[in-house]
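Quick notes on the structure that follows.
The values are calculated or read from the model by the stated rules, or taken from the named source; none is laboratory data. Computed from a predicted structure; not experimentally measured. Glycine also receives a Cβ, built like all others from the backbone with ideal geometry; neighbour counts cover every protein chain displayed. What goes into the accessible areas is simple: the full protein's heavy atoms, side chains included, and nothing from ligands, DNA or RNA. Shrake-Rupley method; radii C 1.70, N 1.55, O 1.52, S 1.80 Å.
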Amino acid sequence: MARYEGTLLPPPTKAPYRRPSGITTDFQGNVFVVDTGNHRVLHFDRLGRYVIDFGGYGWDVGELSSPTDASAREGFRLFVADAGNDRIQQFDISDLSAEGAVFPFQEGNGLADEQLVRPSRLDIDEEGRVYVSDPLCHCVWIFTPTGELVNQLGGLGDEPSRFRTPTGVAVGNKGRVLVADSGNRRIQVFDSLGNWKASWGGPADSLFVEPTGIDVDSEGSVYVADRAAARISVLTPEGRLVFTFGGKGNGPGTFRAPVDIAVAPEGHVFVVDQERETVERYRILRESDERDGDKKR
């Protein structure tokens, strides 16, 4: 089960969220929220305290237009899906102090490629390759850390390995790639070489309604944000449903349109609810946690 533990909010001196759509955590547990309507990324520390935000509307280096997602690796690089500018930008986040107000953009023009139509969400594997879901071309692009195109997964269709409006991607253990194939109401699984391995759900299955965001924890468990069903589904590495949490509502612990999810290294789970314009933090309770709670009571 999941226990609601709080909400991540911009400080009163900053504008409130405006249709946030993406979230990621780094290896130290820092949290980065992609605030699409305000064209910015907000950084919170591992305790959920606001640190700084960056971006701002524009098309110059370091500016953003309707960003949709981010992925952090190694504590100093943050890749941002700058959807309105049809590109991926890489930011240096090695200076995490509040005084470090300038996040210098790496040299170059980001991971822009002429085939990149509308980047939606992204993730990074252990070798630094960048995986970008692109719902308008019904595919997932794979780039090197410096932006060279390596491979493409998918293409329009409902057959195995094909997609219909893929909106989320995550890289799990041993380089396994999981894609939220939203239009086909399923999760598709590929190995590190891009070979199709499995599909979970589908139009004839009630497992998902509109899977949009996806993440994987250190044990390989899979977390799926299901926008239309207003819930989070937690699955085993083999795709068996363990439990769900959320459900339609307007208060803490319920959702209207959960669109993305991120699992922090220490186990907290963060959910972006786009319609409620909020970011909530949860603790996943294992059987041992519940037994300890019973003993304390």
Point to revise | Where labels lie 7 Å past Cα in the beta-carbon direction, separation of E266 and L149 in nm | key: 4.3
Exercise for review: Identify the residues of the stretch 27-49 with backbone N under 18 Å of a label point that sits 7 angstrom from the Cα of E5 along the Cα-to-Cβ direction, or state none.
Suggested key: 27-33, 44-49
Review point. With all protein chains present, how much of the accessible area of the stretch 113-264 (probe radius 1.4 Å) comes from carbon and sulfur, to the nearest whole percent?
Key: 47
Exercise for review: Show the residues, 5+ positions off or on another chain, whose built amide H is closer than 5 Å to the amide H of I52.
Suggested key: H43
Exercise for review: Could you tell me what % of all Cα pairs in the stretch 213-279 have separations over 15 Å?
Suggested key: 46
Review point. Could you give the dipole magnitude of the chain about its Cα centre, charging the beta-carbon of Lys and Arg +1 and that of Asp and Glu -1, in debye to the nearest 20?
Key: 1080
Review point. Per the helix-only calculation at 222 nm, which mean residue ellipticity applies to the chain, given -39500 (n - 2.57) for every DSSP H run of n ≥ 4 and division by its residues, nearest 500 deg cm²/dmol?
Key: -1000 deg cm²/dmol
Review point. In a Debye calculation with equal point scatterers on the alpha-carbon sites of the stretch 123-218 and no solvent, what is log10 I(q)/I(0) at q = 0.13, 0.23, 0.25 Å⁻¹?
Key: -0.38, -1.17, -1.36
Review point. For the stretch 29-54, list residues with backbone N below 17 Å from a point placed 7 Å from the Cα of D92 toward its Cβ?
Key: 54
**Study point:** Intensity falloff of the stretch 1-87 expressed as log10 I(q)/I(0), Debye formula with alpha-carbon point scatterers, at q = 0.12, 0.23 Å⁻¹
**Key:** -0.34, -1.15
Check your understanding: In what sequence, highest mean first, do 211-223, 139-151 appear when ranked by Cβ atoms within 10 angstrom?
Key -> 211-223, 139-151
Check your understanding: So what is the relative contact order of the stretch 153-232, in percent, for Cα pairs below 8 Å that sit 6 or more residues apart?
Key -> 23
Exercise for review: Write down the accessible area per residue of the chain in Å², having rolled a 1.4 Å probe over the full set of protein chains.
Suggested key: 43
**Study point:** the chain, relative contact order [Cα under 8 Å, separation at least 6], %
**Key:** 15
Check your understanding: Whole-Å semi-axes of the chain's equivalent ellipsoid, largest first, each the root of 5 times a Cα gyration tensor eigenvalue?
Key -> 26, 25, 17
Review point. On full extension of the chain, what length is gained from E219 through R256, given 0.36 nm per residue of separation minus the C-alpha to C-alpha distance?
Key: 10.5 nm
